[in-house]
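The values are calculated or read from the model by the stated rules, or taken from the named source; none is laboratory data. Keep in mind that this is a model prediction, so the values were computed, not measured. We place every Cβ from the backbone using ideal geometry, glycine too, and count neighbours over all the protein chains shown. The accessibility values were calculated without ligands, DNA or RNA, using every heavy atom of the protein model including side chains. Shrake-Rupley method; radii C 1.70, N 1.55, O 1.52, S 1.80 Å.
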Amino acid sequence: MQVHKYDVVIVGAGGAGMRAAIESGQRARTAVLTKLYPTRSHTGAAQGGMCAALANVEEDNWEWHTFDTVKGGDYLVDQDAAEVMAKEAIEAVLDLEKMGLPFNRTPEGRIDQRRFGGHTRDHGKAPVRRSCYAADRTGHMILQTLYQNCVKHNVEFYNEYYVLDLLMVDEQVIVDGETRIQKRVAGVVSYDLASGELHVFQAKSVVFASGGVGKVYKTTSNAHTLTGDGMGIAFRRGIPLEDMEFFQFHPTGLAGLGILLSEAARGEGAILRNSEGERFMERYAPTIKDLAPRDIVARSMANEVREGRGAGPNKDYVLLDLTHLEPAHIDAKLPDITEFARTYLGVEPYTEPVPVFPTAHYAMGGIPTNIEAEVLADNDTVVPGLYAAGEVACVSVHGSNRLGTNSLLDINVFGKRAGLAAAEYALTADFVEIPENPTLETEELLNRARSSEGGERVALIRKELQDIMDANVQVFRTEETLLEALRVIDTLEERYTRITVQDKGKRFNLDLLEAVELGFLLDMAKVMTAAALHRKESRGGHFREDYPERDDENFMTHSMAYKDPSATLTSGVRLETKPVIFTRYQPMERKY
Amino acid sequence: MEKEPASKVELSKDVAGGEIPTFDVTLKVRRYNPEVSDEAHWDEWQLTMYGTDRVLDALHKVKWEHDGSVSFRRSCAHGVCGSDAMRINGRNRLACKTLLKDLDTSKPILVEPIKGLPVEKDLIVDMEPFFQSYREIMPFLISKGHEPAKERLQSAEERDRYDDTTKCILCAACTSSCPVFWTDGQYFGPAAIVNAHRFIFDSRDDAGDMRLEILNDKEGVWRCRTTFNCSEACPRGIQVTKAISEVKQAILTRKV
């Protein structure tokens, strides 16, 4: 076991992690640990853009952006956080431009902007051009630009170091004359994929920026590596997870494959049609139609299919129609996604509509933080030294449904905030002593996976997990489907104790890696399902057919899921609630 | 004013699509694990695959159903993260972007690690020398003078000038397809030059001369023999050889 010592350790090297590293690395000794190489992170797959009220092409302001974000999240957004994000969006975009990001330009040479779902002028009157973009590869450009600037600032990366545990110690603190036990960060434990050795990183500050958990689903836009590790580590260590019932299904995944086709396609004028050739979004969102937020479009598509108006041999998808757009316009603004359609489905988007269906895309929930990116151990107690940003975190700026482009924004605004806060804290705080035997739990975890000879296959358990999540915890949910999902997950968990990992070596043992990842997926699927069961209403991305209305009286609250073995009815997940923060906007009916 | 598309259209019958066919393939993978043996060897599997499957799906099928020790990197699985560059039937490709049906499935499909970088295990190579060359060309915007309050201006034409080379995903398919790189590990290689190009031709950057000087080195652009392997290998369709030529030209004329 090797021990390293850094002021700040950042877990994850996607957009949030690298944005944090650029700030932290200039102020404090910083290491970035990633289970991939930084440029492989899934930020690079984001396409459409990053919204900011620059008003470069038409009137706009950050207050409208705040409102759209709050309404888009069906009023479950913490409004102080949304305000921070919309305000700082402008600087975040300009920061990226100054770092070198090659944005598309207006004829005057300014950053160009285009429409995106749910982003409107003057509180919903009409779509607004707010998304700053680089063709349909904005995420790629952000990832590359941030990596370039990490190289510029000599950020230290530990590539293919898989973080498996968070080290915290309990401290006695006196709050209002009362003695309380409080957690404080000591460091992390990581597994070096190349050598199979464990490395302990002692740190004053730890920033989790390890991304999402899309691989709990079968049909997903997410990378194979997005297995909820960061959320899982925190949860196992007693940190609650907030709003995990809210998972976004992106409307336009390539049918059967889940590969993302950006909402920018609809921003540039593409529309959805059913098997009858009808532009069905006119019925569901009469004002902004195909540019309604993702939860509404995804549900509308699923509904078309359920009512028999799906296209294709199995009538199980709808069509994204770009055929009325000029090929030159498509080439200039949407080159990558049209190539995806050609490569993977053999469809020519100039002349043929593209088969699409909702694909699991984004976790609105995650590790709870305040607007300083500090992690909360309950509704209001900060864990000193622990930060989270990006998809792994829940600030909450997305509430029950994230607007398109707001994730690239989130990682930049709150990544920066996390990096600054982590460095500032590290400059004043002392190191916390590493607990005795820091790798004990991690070694047990790895040894269990390595030595078990029960014959169960990791890939098969994972497939069955993804199948049940796709079938029962997708766009439409009921108590019955959710209970059934929990039951199946429990049996999968039992089988998981009997897996056999075939690769017995130390070097690049990715067979073992997948086994460990499956453990996190099972935990997160359970949390998501239990939280969905707990929320007996429909809001944003969470639609309960047995409770089809939003119920502000009982459920205008965040959910907080704690690991608790005594909560046997919900598979060891205890649900509590946390108030939503309101500043300007009172809840209204959400219509588009 | 933009024209609204029709509320309803007649769809052509072809839109329905058809059933996805299945077929059998033989996958041969170059195996190497120094924990077990110093010698590399080939392993082979017969697999039933679908028409939409890619080489990555075949590798996953092997790993998940037959032999869990087969090792390769992958992440996004649709050609944007650059993890799974490998030699497929002798050509550098991304496994996730190569459809099986586009290969000759009457013969075994050969999968090997990319060349010129030390093999760590099976299809995994040591990427560090590759990223070292990348870092040496100073792959970040360097601008002198005051930072503007808002964005720097750049015309659409100026932006177009370096558009092609911004697409690079650092997968190393180009560099590891280059015969010069195979024989001379010191050569910067196409990917580093592509990334230098991306900044040299960016109107906002002021360090073009420094980068040109770095690439004027004996291990720089002049080692390129314009064999076009790199352009053929690039999964992002970057015209790599053209970019290298433009850099050569810029070194000679000191004009970008």
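The table below gives the values:
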| item | result |
| --- | --- |
| Criterion (closer than 21 Å to A:I233 by Cα and either open to solvent by 10 Å² or more (accessible area, probe 1.4 Å) or among the β-branched types (V, I, T) (or both)) met by exactly one of A:T359, A:T381 | A:T381 |
| Residue check, B:S176 within 12 Å of the chain's Cα centre (by Cα) and surrounded by 15 or more Cβ atoms within 10 Å (Cβ to Cβ) | yes |
| Lone qualifier among B:A243, B:A196 - being within 22 Å of A:M99 (Cα to Cα), aliphatic (A, V, I, L, M) and touching a helix residue (DSSP H, G or I) at 6+ places or on another chain (Cβ under 6 Å) | B:A196 |
| The range A:537-592, residues that are touching a residue at least 12 places away in the same chain (Cβ under 8 Å) and among the polar types (S, T, N, Q) | A:S538, A:N554, A:T557, A:S559, A:T570, A:S571, A:T577, A:T583 |
| A:R495 vs. criteria assigned to a loop (DSSP other than H, G, I, E, B) and in contact (Cβ under 8 Å) with a residue 24 or more places away in the chain | no |
| Matching residues in the range A:129-142 - criterion: being more than 9 Å from chain B (Cβ to nearest Cβ) and either among the acidic types (D, E) or in a helix (DSSP H, G or I) (or both) | A:D136, A:T138, A:I142 |
| Members of the range B:88-108 that are among the aliphatic types (A, V, I, L, M) and either open to solvent by 10 Å² or more (accessible area, probe 1.4 Å) or under 15 Å from the mean Cα position of the chain (by Cα) (or both) | B:I88, B:L94, B:A95, B:L103 |
| A:D243 being within 14 Å of chain B (Cβ to nearest Cβ), touching a residue at least 12 places away in the same chain (Cβ under 8 Å) and over 30 Å from A:H324 (Cα atoms) | no |
| Within the range B:133-168, considering residues that are part of a loop (DSSP other than H, G, I, E, B) and of a type in the set (A, V, I, L, M), the one farthest from A:H140 (Cα to Cα) | B:A149 |
| Given (1) open to solvent by less than 10 Å² (accessible area, probe 1.4 Å); (2) of a type in the set (D, E, K, R); (3) assigned to a helix (DSSP H, G or I), number of the condition A:E444 does not satisfy | (1) |
| One residue from A:L54, A:L96, A:L76 being open to solvent by less than 10 Å² (accessible area, probe 1.4 Å) and assigned to a loop (DSSP other than H, G, I, E, B) | A:L76 |
| Residue in the range A:461-482 that is nearest to the other protein chains (Cβ to nearest Cβ), counting only those that are more than 16 Å from A:H224 (Cβ to Cβ) and open to solvent by 50 Å² or more (accessible area, probe 1.4 Å) | A:E464 |
| In the range A:515-541, residue farthest from the other protein chains (Cβ to nearest Cβ) [restricted to those that are charged (D, E, K, R) and open to solvent by 10 Å² or more (accessible area, probe 1.4 Å)] | A:K536 |
| Failed condition for A:F340, given (1) in contact (Cβ under 8 Å) with a residue 60 or more places away in the chain; (2) assigned to a strand (DSSP E or B) | (2) |
| In the range B:119-151, residue modelled with the highest pLDDT [restricted to those that are surrounded by fewer than 19 Cβ atoms within 10 Å (Cβ to Cβ) and facing chain A (nearest Cβ under 7 Å)] | B:R135 |
| Subset of the range A:107-116 that is open to solvent by less than 10 Å² (accessible area, probe 1.4 Å) and more than 8 Å from chain B (Cβ to nearest Cβ) - its residue that is modelled with the lowest pLDDT | A:F116 |
| Pick from the range A:273-326, criterion hydroxyl-bearing (S, T, Y), over 24 Å from A:Y350 (Cα atoms) and buried (at least 17 other Cβ atoms within 10 Å of the Cβ), ranking: farthest from the other protein chains (Cβ to nearest Cβ) | A:S300 |
| Residue check for B:I244: open to solvent by less than 10 Å² (accessible area, probe 1.4 Å) and modelled with pLDDT of 95 or more | yes |
| Residue within the range B:25-43 that is crowded, with 20+ Cβ neighbours inside 10 Å and closer than 30 Å to A:M141 by Cα present | no |
| Strands (runs of 3 or more DSSP E) fully within the range B:7-118 counting 1 or more residues that are within 14 Å of chain A (Cβ to nearest Cβ) | B:22-31, B:41-50, B:85-88, B:91-94 |
| Single unsatisfied condition, A:V84 versus (1) over 24 Å from the mean Cα position of the chain (by Cα); (2) more than 26 Å from B:D205 (Cβ to Cβ) | (1) |
| Pairs, first within 11 Å of chain B (Cβ to nearest Cβ) in the range A:40-65, second among the charged types (D, E, K, R) and open to solvent by 30 Å² or more (accessible area, probe 1.4 Å), C-beta under 6 Å, six or more apart | A:N56/A:R110 |
| Qualifying positions in the range B:52-81 - within 21 Å of A:E464 (Cβ to Cβ), of a type in the set (K, R) and open to solvent by 30 Å² or more (accessible area, probe 1.4 Å) | B:K61 |
| Of the criteria (1) of a type in the set (A, V, I, L, M); (2) open to solvent by 60 Å² or more (accessible area, probe 1.4 Å); (3) in contact (Cβ under 8 Å) with a residue 12 or more places away in the chain, which one B:I169 fails | (2) |
